[in-house]
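Here is the structure we will look at.
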Amino acid sequence: MNVLGLSAFYHDSAAALVVDGEIASASQEERFSRLKHDNRFPENAINFALQYSGISVDDLDLVVFYEHPEKKFNRILSNTVQNFPSGFKHLLRTCERWVRNKSGIVSEIQEYFYRMSPEVDWQSKIYFSDHHLSHAASAFYPSPFPDAAVLTIDGVGEWTTTAIYRGDGNALTAVYEIQYPQSLGLLYSAFTQYLGFKVNSGEYKVMGLAPYGEPKYANLIKDYLIEIKTDGSFKLNMKYFDFHVHDGMVNDQFVKLFGQPIRKPESPLLKFHTDVASSIQQVTNEIMLKLAHFAKKIVGSKNLCIAGGVGLNCVANGYILREKVFDNVWIQPSAGDAGGALGAALLGAKQCGELKRSHLKEYGSDGMKGTYLGSKFSHGEIKETLINLGARLQYYNDEDAFLDKIAKYIAENKVVGWFQGRMEFGPRALGARSILGNPMSSEMQSLMNLKIKYREGFRPFAPSVLLEDCQDYFELDVESPYMLLVATTRDKIRLAVEENSGLSINERLKQTRTTIPAVTHVDYSARIQTVDGKYNNKYFCLLKKFKELTGCSVLVNTSFNVRGEPIVCTPEDAYKCFMGTEMDVLAIDNFILLKEEQPEILRKDYKGTYGLD
C-alpha cells in the first residue's frame, strides 16, 4: 500500500510517501527548486519520493492533500464580508488571487496525476484532510507514545488556529479548538513584521533576538492586544491588526501603541526592538504553557505531542518541558506546513487500515528515522559530479582516518561543510547537510554569521552534543534529537561576564560567556541537538573523534546554506555553496576538499545570490 501526502500553495510545499504503513520518504520542494519556502505544486518532491521507493505513479493507492481548499476559501470570503467595507479592496484582491491561482487546487492536483497516468481513476484516489488534523497526525503517529495529548498551533488552517486532540493507538479525536481570527501564530507574525522581518520566514529571528532585551512591553501586549484566559484560550483586539482586512499584519493603531514606526528591513536594531521581541516571546511562552496545562486536564495523558508552525518555537517548548506539565514531550521536527504532507500521508495509511506504528515496539523510539528522509547520493554519483565540476579532492578509504582529519580541521578552527547520507526533512540541519565549527572558539559565531552564512550577527548557532555528555554542558535531562528544545548551560561551564543592559548587541556578542561560546546565546541558553548514533552513526563518530582530540563533546551545527538559500540538496549545491563562501573544508562522502586547493576560477561570490530571508 502506497500513500502520497502533499502540501502546497501557501508556503513550504512538500511530498511524503508512506509505504505499507511506514514512512519511506519526505522532502520539501524548495530543496530541489532552490527557491526558499517554495509554495508551488511539489512535482520535484513527488518525483524523488517515487524514485527513491522504486515505484511509479500507477502504484499509488491514495493521494492525500493536507487541507481542504474550499473550506479555506470559504473562511477567507466569510471573514472579508464580515469586515466590509473596510476590507473591500482586500476582498477583490483575494478573490482575484484565488481565482487565478488557488480555486483550481483540486483540479490542478487531479490534472497532474491524470497527465502522469491517464488510465487511472484519480478522482477516486485523491482525498483532502483538515489542516490541523494533518498537523496532529504528523505529531502523534510518528511519536514514541501509544497515547498522548496533541497540541497543534499555527497561523491558520481552514478556520482552526489552535487545536487539542486525543491520540490513542491509531485514533485521533479533536477535543478543543480556537478559530480564526484568534491566532497565536498570526500574533507572533504581526510582531515579526513590526520588527522588520519577513512573515512566515523571520519568526525565528524574533525568537533569537528576544534574549537581548527585557519584556518591558509584555503587560502592554496583554492589556491592549490580547486577552489570555486561564485555559490558554485568547482573544485578539482586532482594532490593532490588519491581517483580517488587508495584506499587512499591523495597522497605525498598533504602531501608535508602541510609539515607534515599523522597523525597516536591514536597518539597525535598537534596544526598543530587542525589548519588543522579548515581550512577545514571554507572552507566547505564557500562552503555550497554559494551553499545555489545559491539554493535560482535558486529555489526561502523561504524554504531549506538538506540531504546527508555532511548534518550532523551541523557547516555548523548553518552558513546557521545564515546567514538567507532562512526563514526556515530543515535537514533530517538520512542524510547519511541510510536515502537513507527512501527516496527510499517515492519515491516508490509517484510512486504508495500513498504519502500523511499528516503532512503538522499541521503547522510546519514534518513527521519523532521525528525520533523514530525503535524497542521498552514491559514492559514484558524488565523485562524478565533483570531477565534472572541476573540483580537486582526496578520497579516504579508511573512514576512521577521514573522521580524524575532519575533527582535526574543526579543532584548528576551520569551518567544514558536511554532506553525508540522506537529507533531513524539516527546517533543521541535523548532521547530514550541516556546516560545522569549533564551539570553543570565541570568534566562530561572528565568523560563521558574517563570512559563511551572510546573515545578521545576533543570530545564535546551535550545538550538537553527544547524548551521553549532554548534562555535562546543559540543563537538559531528555533527548533532543531534532533541535527543538532550548535549555540553559550548566553553571560549571559559565565564565564571569559583566552584565550591563546598556551594552549594544555587538558588544554583548563579543562577551565570552561559557567554555563553548560559539553556541551560547546571551541568556546562557542553547537550542540543543543530542546525538546518539542511532540514525546517523557517522556524525556520532565525528563527535566522538572531536571529543578524543579536544575533550569537548560539542560541535557548532548550522544548516548548509547561505542566507535566503534552501539547505543544499545535491553534491553540486554543496560545492557551489562551499566555493561561494569562506568555508575552509568540504567533507562529502569520504571525500575531503580543501578551499586552498580548488581552482581559483571556480570561486564565486555567493553573497547576494539569494534574496534576503
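The values are calculated or read from the model by the stated rules, or taken from the named source; none is laboratory data. Model, not experiment: these values are computed from the prediction. Cβ: placed from backbone, ideal geometry, glycine included. Neighbour counts: every protein chain shown.
General remarks:
- Of the residues in region 371-392, at least one is closer than 30 Å to Gly580 by Cα, touching a Phe, Trp or Tyr at 6+ places or on another chain (Cβ under 6 Å) and surrounded by fewer than 17 Cβ atoms within 10 Å (Cβ to Cβ).
- Scanning region 491-508 for residues that are crowded, with 21+ Cβ neighbours inside 10 Å, of a type in the set (A, V, I, L, M, F, W, C) and under 25 Å from Lys408 (Cα atoms) turns up nothing.
- Test: residue in region 176-190 that is out of contact with any strand residue (DSSP E or B) (no Cβ under 7 Å at 6 or more places or on another chain) and surrounded by fewer than 19 Cβ atoms within 10 Å (Cβ to Cβ): no
- Among the residues of region 367-399, those identified as part of a helix (DSSP H, G or I) and without any contact (Cβ under 8 Å) to a residue 60 or more places away in the chain are Gly380, Glu384, Ile387, Asn388.
Yes/no matrix, rows are residues, columns are (1) at pLDDT 95 or above; (2) surrounded by fewer than 17 Cβ atoms within 10 Å (Cβ to Cβ); (3) among the aromatic types (Phe, Trp, Tyr):
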position	(1), (2), (3)
Asp223	yes, yes, no
Thr230	no, yes, no
Lys235	yes, yes, no
Val283	yes, no, no
Gly309	yes, no, no
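- Strands (runs of 3 or more DSSP E) contained in region 1-56 and holding at least 2 residues buried (at least 22 other Cβ atoms within 10 Å of the Cβ) and either at positive phi or among the polar types (S, T, N, Q) (or both): 2-7, 22-28
Results for (1) at pLDDT 95 or above; (2) basic (Lys, Arg); (3) in contact with a strand residue (DSSP E or B) (Cβ under 9 Å, 6 or more places away or on another chain), shown as yes or no for each residue.
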| position | (1), (2), (3) |
| --- | --- |
| Leu467 | yes, no, yes |
| Glu479 | yes, no, yes |
| Met483 | yes, no, yes |
| Asp491 | yes, no, no |
| Glu498 | no, no, no |
| Thr515 | yes, no, yes |
| Lys547 | yes, yes, yes |
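- Exactly one residue among Tyr610, Tyr539, Tyr575 is assigned to a helix (DSSP H, G or I), out of contact with any helix residue (DSSP H, G or I) (no Cβ under 6 Å at 6 or more places or on another chain) and touching a residue at least 24 places away in the same chain (Cβ under 8 Å), and that residue is Tyr539.
- Yes/no for Lys538 being within 22 Å of Leu466 (Cα to Cα), of a type outside the set (A, V, I, L, M) and at pLDDT 95 or above: yes
- Residue identified as crowded, with 22+ Cβ neighbours inside 10 Å and outside any helix (DSSP H, G or I) among Leu304, Leu291: Leu304
- The listed residue being within 23 Å of Ala316 (Cβ to Cβ) and either crowded, with 21+ Cβ neighbours inside 10 Å or modelled with pLDDT of 90 or more (or both), out of Ser117, Ser138, Ser129: Ser138
This table checks each residue for (1) closer than 28 Å to Leu35 by Cα; (2) at pLDDT below 95; (3) touching a strand residue (DSSP E or B) at 6+ places or on another chain (Cβ under 9 Å).
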| residue | (1), (2), (3) |
| --- | --- |
| Cys552 | no, no, no |
| Pro571 | yes, no, yes |
| Lys576 | yes, no, no |
| Gly580 | yes, no, no |
| Met583 | yes, no, yes |
| Lys595 | yes, no, yes |
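- Yes/no for Gly208 being in the same structural domain as Gly309 (by TED's automatic domain parsing), not β-branched (Val, Ile, Thr) and not in a helix (DSSP H, G or I): no
- Within region 142-183, the residues that satisfy the criterion of being over 19 Å from the mean Cα position of the chain (by Cα) and in a loop (DSSP other than H, G, I, E, B) are Pro144, Phe145, Pro146, Glu158, Trp159, Gly169, Asn170, Tyr180, Pro181, Gln182, Ser183.
- Filter pass, Gly353 being farther than 24 Å from Lys545 by Cα, part of a loop (DSSP other than H, G, I, E, B) and without any contact (Cβ under 8 Å) to a residue 40 or more places away in the chain: yes
- Only one of the numbered conditions (1) in contact (Cβ under 8 Å) with a residue 60 or more places away in the chain; (2) farther than 26 Å from Ala316 by Cα is not met by Leu291, and that is (2).
- The test for being assigned to a helix (DSSP H, G or I), over 26 Å from the mean Cα position of the chain (by Cα) and farther than 30 Å from Val329 by Cβ holds for Lys256.
- Residues located in region 437-496, provided they are assigned to a helix (DSSP H, G or I), under 30 Å from Gly580 (Cα atoms) and among the hydroxyl-bearing types (Ser, Thr, Tyr): Ser446
- Subset of region 110-141 that is touching a residue at least 60 places away in the same chain (Cβ under 8 Å), in a helix (DSSP H, G or I) and polar (S, T, N, Q) - its residue that is farthest from Val325 (Cα to Cα): Ser134
- For region 510-536, a tally of residues being on the phi > 0 side of the Ramachandran plot and in contact with a helix residue (DSSP H, G or I) (Cβ under 6 Å, 6 or more places away or on another chain) returns 1.
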